[in-house]
1. Just to be sure before I move on: is VAL170 in a helix (DSSP H, G or I) and at pLDDT below 90 in the structure I sent?
2. Could you count how many residues in the range 371-383 are open to solvent by less than 70 Å² (accessible area, probe 1.4 Å) and at pLDDT below 90?
3. Restricting to the range 116-128, name every residue that is part of a strand (DSSP E or B) and touching a residue at least 40 places away in the same chain (Cβ under 8 Å).
4. Assess whether LEU9 counts as being modelled with pLDDT of 75 or more, surrounded by fewer than 15 Cβ atoms within 10 Å (Cβ to Cβ) and under 38 Å from the mean Cα position of the chain (by Cα).
5. One residue is enough: does the range 160-173 have a residue meeting the conditions surrounded by fewer than 20 Cβ atoms within 10 Å (Cβ to Cβ), within 56 Å of the chain's Cα centre (by Cα) and closer than 20 Å to ASN99 by Cα?
6. Answer with yes or no whether ARG275 is closer than 23 Å to ASP313 by Cα, of a type in the set (D, E, K, R) and touching a helix residue (DSSP H, G or I) at 6+ places or on another chain (Cβ under 6 Å).
7. What are the residue pairs meeting all of these: first residue in the range 437-460, first residue on the phi > 0 side of the Ramachandran plot, second residue basic (Lys, Arg), Cβ atoms under 7 Å, and 6 or more apart or on different chains?
Amino acid sequence: MIRGIRGRLTVTLVALVALTAILLGAGAYLFVENSLRAQVVNDAAAQARFDLSVIVPGRDLPAEPTVEDIVDSGLRETFRQRGVETIVDLGQAGIVVSNSDLDGVLADLPADLSERVAAGELAYAWTSVAGRPSLVVGGKVGGTGPAFYFIHDVAEIEQALAQLRFALAVGALSLIVLALLVARVIARGVLAPVEAASRAAERIERGDLTARVPVTSDDEFGTWADRFNRMAEALADTIGRLEAAEAQNRRFVADVAHELRTPLAALVAEASILREHLHDLPVESRRAGELLVADVGRLRTLVDDLMEVSRFDAGAEQVAVEPVDLGRLVRAVTTTRLPEASLALPDEALIVETDPRRLERILGNLLDNAREHAPGAPVEVSLGVDADEIVLAVADRGPGVPPDRLERIFERFYKADPSRSGGSSGLGLAIAAEHAALLGGYLTAANLVGGGLRIELRIPVT
């Protein structure tokens, strides 16, 4: 979810709310804690000053009192009745506690507190006494007498602070959850135009050029949606013009090829008659006759190829599938079209469901290409299986094709090199590629080490 813009926007909004809630909660807690503790310290310090001020040296206590003096003076009982736990440090004379639970507590008090009290200051410390959170305030009578430590139980204060921390944590968590829900709604609303554009682009990709993005606002998204729609309209108009021009070109090619068939048939018949009587012509006219017969043959091949291309463009070609013994078919076609080619066929029969007529057309065109562009060079036809594909290859030892032009040799009317063009029109490999696509396969071409070209037909076999 975080990978998408909606997820990142949601996380950003939630993070801002969470950071704000944490900072505000922490600030509020610190303010309340400091204020409450300061109030408690002030009250405890004022109480301690009062308690120490009412003790008059010489009247209530001797200069160097003992434990018995503290007990007999009634100070311990007075502090106990007032609810203030007290520890009196008499130095070498001993320690007096108002409660037996305070035995040994003096040694556990912070050293800093004892040092400051010994120096005559009124000091305090937050610590734990007998397992309970406490505020200890210490001071001396007149700054020189015995040290009194007044212990105030602050468990209620700590409990109140703990409840405040819990309430702030719950509040912050609630805000984060609420922010998550609100942020998702906001992100969904903000990115709704983007999602609509994505759906429209997907429909355009599938060929629906009428897809548009609804313009629902006058802000930047509305402007963007309007421009997207104008771009889609311009694209649809351009594609429409291109399709119309392409359809017109296809009709033109088909019409030209169709119109040429009748006069071409007459030319072929006349060329046949002429070929039979070439030996009767004068020597100076015989060469012209031979060229005329050859050119009529190439013209007939070109027209037939154009007719076939027009059928591809019109989508009129249909595949007729039947069981085919590939080895037998390859041997028969090769023997007929290029008998001098060598064969490398598998020992076992390869029988697949395919269209034999199209396979013959593909292999015939590949053999014609090898014969025409690599005259006199060895040609090898091989058949095999690679994973789940049938591989039919024709390799020649001719001049090959420049590497930067290999990918274009299956284009219509493309001639990789004038030295390999001969009298071809450049449609043979293009037609073979069209037939391969109808069979669910494809053609590939690669130059051989040492010179030559290898063209492979790959057909998937399920």
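The values are calculated or read from the model by the stated rules, or taken from the named source; none is laboratory data. Just so it is clear, the structure is predicted and the values come from calculations on it, not from any experiment. With ideal geometry, Cβ positions are generated from the backbone for all residues, glycine too; neighbour counts draw on all protein chains shown. When the accessible area is computed, the model is the full protein with side chains, heavy atoms only, and any ligands, DNA or RNA have been set aside. Shrake-Rupley method; radii C 1.70, N 1.55, O 1.52, S 1.80 Å.
1. Spelling it out, it is not the case that VAL170 is in a helix (DSSP H, G or I) and at pLDDT below 90.
2. Summing the residues that are open to solvent by less than 70 Å² (accessible area, probe 1.4 Å) and at pLDDT below 90 in the range 371-383 gives 3.
3. Answer for the range 116-128, where residues must be part of a strand (DSSP E or B) and touching a residue at least 40 places away in the same chain (Cβ under 8 Å): TYR124, TRP126.
4. Judged against the criteria, LEU9 is not a match.
5. Looking through the range 160-173, none of the residues is surrounded by fewer than 20 Cβ atoms within 10 Å (Cβ to Cβ), within 56 Å of the chain's Cα centre (by Cα) and closer than 20 Å to ASN99 by Cα.
6. It is false that ARG275 is closer than 23 Å to ASP313 by Cα, of a type in the set (D, E, K, R) and touching a helix residue (DSSP H, G or I) at 6+ places or on another chain (Cβ under 6 Å).
7. The qualifying pairs are GLY451/ARG397; GLY452/ARG397.
Conditions tested, residue by residue: (1) at pLDDT below 90; (2) over 23 Å from ALA332 (Cα atoms).
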{"residue": "GLU348", "(1), (2)": "yes, no"}
{"residue": "GLU360", "(1), (2)": "no, no"}
{"residue": "VAL394", "(1), (2)": "no, no"}
{"residue": "PRO399", "(1), (2)": "yes, yes"}
